[in-house]
1. Looking only at the range 82-90, decide whether some residue is at positive phi, not small (Gly, Ala, Ser) and not in a loop (DSSP other than H, G, I, E, B).
2. Among the residues of the range 35-57, write down those that are of a type in the set (Val, Ile, Thr) and modelled with pLDDT of 95 or more.
3. If you scan the range 71-81, which residues turn out to be part of a strand (DSSP E or B) and of a type outside the set (S, T, N, Q)?
4. Do the conditions hold for ALA7, that is, is it out of contact with any Gly (no Cβ under 7 Å at 6 or more places or on another chain), modelled with pLDDT under 95, part of a loop (DSSP other than H, G, I, E, B) and closer than 24 Å to ALA112 by Cα?
5. Can you name the residue in the range 96-124 that is among the basic types (Lys, Arg) and assigned to a helix (DSSP H, G or I) and, of all such residues, is surrounded by the most Cβ atoms within 10 Å (Cβ to Cβ)?
6. Given the criteria at pLDDT 95 or above, out of contact with any Asp or Glu (no Cβ under 6 Å at 6 or more places or on another chain), among the aromatic types (Phe, Trp, Tyr) and part of a strand (DSSP E or B), does PHE60 qualify?
7. Just one of the numbered conditions (1) over 20 Å from TRP159 (Cα atoms); (2) out of contact with any helix residue (DSSP H, G or I) (no Cβ under 6 Å at 6 or more places or on another chain); (3) of a type in the set (A, V, I, L, M) is not true of LEU102; which one?
8. Which residue pairs have Cβ atoms closer than 9 Å, lie 6 or more positions apart in sequence or on different chains, and pair a first residue in the range 41-68 that is on the phi > 0 side of the Ramachandran plot with a second residue that is surrounded by 13 or more Cβ atoms within 10 Å (Cβ to Cβ) and in a helix (DSSP H, G or I)?
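The values are calculated or read from the model by the stated rules, or taken from the named source; none is laboratory data. Please read all numbers here as calculations on a predicted model, not as lab measurements. Here the Cβ positions follow ideal geometry from the backbone for every residue, glycine too, while neighbour counts run over all protein chains shown.
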Amino acid sequence: MPAVDPAPVRIVGYAPRWRGEFARLNLEWLQRWFVVEAIDREVLGDPETHILAGGGRILFAVDAAARAVGTVALKHEGGGVYELTKMAVAPELRGAGIGRKLMLGALDAYRALGGRELFLESSRRLGPALALYESVGFRHRPAPRPGTHYARADVYMVWEPDAAAG
């Protein structure tokens, strides 16, 4: 586990200066574990159009030196349904609680948006991420529609706030 104190990390909203960091942070894990898909390139190349313009949010974990060290997005699918997507933490800082801070920030943003459903698609290969999702109340469910956004996805989860651990 990294010897990093997550306390000085703050969660902030999107700023254009972090556009490249949104892509960099996500491409690191995508390239490490999977193949970067066309949909990934579209979203990471133009998050303003693919996430923000539709009523979504992008959050960043920013350290004391004002560096983006993590990110997460809420993509509005319509009708108050949001996808939690593109969550990433700098590899050298994983395990330091930054992912949890991002997740809690995303849940706060979702509530502020008045969302009615929050889902995510993931992979069984990402065990630590799945454990985090489960700990805040995401539960495994069958996908509600055929297919998926991502070829790598074999897990579908829906947030059930009453199911959160502790």
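1. Yes; the residues of the range 82-90 include at least one that is at positive phi, not small (Gly, Ala, Ser) and not in a loop (DSSP other than H, G, I, E, B).
2. Start the filter on the range 35-57 by keeping residues that are of a type in the set (Val, Ile, Thr), which leaves 35-36, 39, 43, 49, 51.
Scanning the range 35-57 gives THR49, ILE51.
3. To start, the set of residues in the range 71-81 that are part of a strand (DSSP E or B) comprises 71-78, 81.
Within the range 71-81, VAL72, ALA73, LEU74, LYS75, HIS76, GLU77, GLY78, VAL81 meet the criteria.
4. Values: out of contact with any Gly (no Cβ under 7 Å at 6 or more places or on another chain): yes; modelled with pLDDT under 95: yes; part of a loop (DSSP other than H, G, I, E, B): yes; closer than 24 Å to ALA112 by Cα: yes.
Taking the combined requirement at face value, the residue satisfies it.
5. LYS101
6. Values: at pLDDT 95 or above: yes; out of contact with any Asp or Glu (no Cβ under 6 Å at 6 or more places or on another chain): yes; among the aromatic types (Phe, Trp, Tyr): yes; part of a strand (DSSP E or B): yes.
Considered against the rule, which asks whether it is at pLDDT 95 or above, out of contact with any Asp or Glu (no Cβ under 6 Å at 6 or more places or on another chain), among the aromatic types (Phe, Trp, Tyr) and part of a strand (DSSP E or B), PHE60 comes out as yes.
7. Single failed check for LEU102: (1).
8. GLY55/LEU113
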